[in-house]
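Working notes, structure below.
Read the figures in this text as sums done on the coordinates, not as results from a lab. Just so it is clear, the model here is predicted, and its values are computed rather than measured. All Cβ positions, even for glycine, are placed from backbone atoms using ideal geometry, and neighbour counts span all protein chains on display.
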Amino acid sequence: MSNFTTPRIYTCLTDATNVNPTHYQCYSVEAPTSETTLKLLRDQFGVSEQVKLGRAVMLCAPTIKNNLLPWDRITHYLCYEDRNAEPANRKARVIDQLTKETGIELAVQAPTVLCVPSLKRLQQ
């Protein structure tokens with residue numbers, strides 16, 4: 001994810017060819033309870049301050065889809081409960097391989113998880 005230093009205007013893509021083609025399969029996880037407070041989170045939907053993150057709830061792994069290897073096979077995402085970030089209350093049109101050229105209209109509400117780029121090692 002890019003660093004957002006100022007709010008930017010994003011235009012709707014006509015197709016999803018300009019995005020990272022890696023697919024991720026996300027798994028629910030059991031993790032110890034923890035709490036961290038982040039001073040500031042900013043993305044294209046808004047800004048939240050003093051965001052409390054809870055325990056890890058999902059691990060997302062790069063995935064082979066239809067025999068196509070992931071572009072990035074190393075980076076995983078560990079996702080944490082997002083307890084008090086500001087709701088976006090915005091509308092967005094998303095285009096991906098499943099929605100083709102028409103896209104899908106979404107009502108973007110409150111964040112539920114913050115996914116952090118991570119490295120993973122399988123245990124025996």
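Summary table below
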| read-out | value |
| --- | --- |
| Meets criteria (exposed (fewer than 14 other Cβ atoms within 10 Å of the Cβ), of a type in the set (A, V, I, L, M, F, W, C) and outside any loop (DSSP other than H, G, I, E, B)) for V47 | yes |
| Residue list for the range 95-109, restricted to those being exposed (fewer than 13 other Cβ atoms within 10 Å of the Cβ), of a type in the set (A, V, I, L, M, F, W, C) and in contact (Cβ under 8 Å) with a residue 12 or more places away in the chain | L106, A107 |
| Residue that is farthest from the chain's Cα centre (by Cα), among those in the range 62-109 that are assigned to a strand (DSSP E or B), of a type in the set (S, T, Y) and closer than 26 Å to T33 by Cα | Y80 |
| The range 26-61, residues that are more than 17 Å from the chain's Cα centre (by Cα) and under 21 Å from T75 (Cα atoms) | E30, A31 |
